[in-house]
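See below for the structure under consideration.
Derivation of every value follows stated rules applied to the coordinates shown; laboratory data play no part. Predicted, not measured: the structure shown is a model, and the values here were computed from it. When we count neighbours, we look across all protein chains shown, and the Cβ atoms used for this are built from the backbone with ideal geometry, even at glycine.
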Amino acid sequence: MRQTVRTVSPMSNEGRNLYVVEHITDAVLKLMQTTHLNDISISQICDEAGVGRASFYRNFDSKEDVISKHLKSLLDNWWLNAIQQPDFNLVEAIFTHYWNNRDLCIRLYEQGLSHLNLQSIKEACGPKPEHENFVAYTTAYFSYGLYGWIEEWFNRGMQETPKEMAALWAKHNK
């Protein structure tokens, strides 16, 4: 639904912006179920979301940016919930996150967009400019290695459960 003066709710600007971001994200994810992201136009996204092109460009730089921000949001929400678990195992929790979001992750992999998963992993647990060199190298090793495991897991059809993947990781890192 296009927003006009009569249809704009009395929400705050922040509420309206959240509405726009959610609807654009939902539209991209829905359209990607049947169409490659490269073949989806901004106009199609805006029509599906019921928003104008200006709203799209006010919130996103590109179609890939929609996916990147969505992946970051998923990881942020996952992290807040994961660390509260009494038997928290970081590696198993990460594999569980990707298991729970496998439809999107496999779709990204199939469309040649798995680099967006790498980007989200690097942002979450990769090196930061403020890290000392040793910490930066260690976190780079961990984040790229983890991405390699996750991508190969996708490639092989995610045959193992997250618990089995964590056990394989532990076995490898003895």
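Here are some notes:
- For the chain, lysine pairs with C-alpha atoms less than 20 angstrom apart, excluding pairs fewer than eight positions apart on the same chain, total 11.
- Cβ charges +1 (Lys, Arg) and -1 (Asp, Glu), total dipole of segment 24-64, debye: 100
- Calculated mean residue ellipticity, 222 nm, the chain: -22000 deg cm²/dmol, from DSSP H runs (n ≥ 4) at -39500 (n - 2.57) each, averaged per residue and rounded to 500.
- In segment 13-60, Cα pairs under 8 Å separated by at least six residues give a relative contact order of 42 percent.
- Cα gyration tensor shape of segment 13-60, rounded if a/c is under 1.5, else prolate or oblate by comparing a/b with b/c: prolate
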